[in-house]
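The next block holds one structure in the form of structure tokens; read it before the comments.
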Amino acid sequence: MHATLSREPSTGHHPHTTGENRPVNVKTSELAGQELESWVAKALGAQAFANHWSDFEQFVDRYAIQSAPMPGKSLQWCAVVVGRPGTGIPGGPWIEGPTPRIAVGRAIVAARFGLELSAA
């Protein structure tokens, strides 16, 4: 399943378009910063992703997300949404990130929209 990120920059140029303004795909595994925040908010229907660990832990519990450090990969983290009935987020694939928060955010987006996103 693909999703479209609707963003209208004032310059008329989208950061994920070719020179001919054709959309390109964005890998969920490469999302970070504000772009990750936007996709997580869209996946959850929420205004913003958790900014503090107390809120973060509520997301992890509510959506049945598992995460763990990966010592063999320079302490990268991996996360997966196991899924919980009534949350609207199904189970998804394992995905990595440099921090627990980024790994969990990517896992939420991957569970909802897949590993490749269409940015238009």
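The values are calculated or read from the model by the stated rules, or taken from the named source; none is laboratory data. Note that the structure is predicted; figures quoted are calculated from it, not measured. Cβ atoms come from the backbone with ideal geometry, glycine included; neighbour counts cover every protein chain shown.
Annotations
Condition check ((1) closer than 12 Å to Val104 by Cβ; (2) modelled with pLDDT under 85; (3) of a type in the set (Asp, Glu)) across all residues:
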{"residue": "Gly12", "(1), (2), (3)": "no, yes, no"}
{"residue": "Arg22", "(1), (2), (3)": "no, yes, no"}
{"residue": "Gln34", "(1), (2), (3)": "no, no, no"}
{"residue": "Ala41", "(1), (2), (3)": "no, no, no"}
{"residue": "Gln47", "(1), (2), (3)": "no, yes, no"}
{"residue": "Glu57", "(1), (2), (3)": "yes, yes, yes"}
{"residue": "Val60", "(1), (2), (3)": "yes, no, no"}
{"residue": "Met70", "(1), (2), (3)": "no, no, no"}
{"residue": "Lys73", "(1), (2), (3)": "no, no, no"}
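- Single unsatisfied condition, Thr18 versus (1) surrounded by fewer than 16 Cβ atoms within 10 Å (Cβ to Cβ); (2) touching a strand residue (DSSP E or B) at 6+ places or on another chain (Cβ under 8 Å); (3) modelled with pLDDT of 70 or more: (3)
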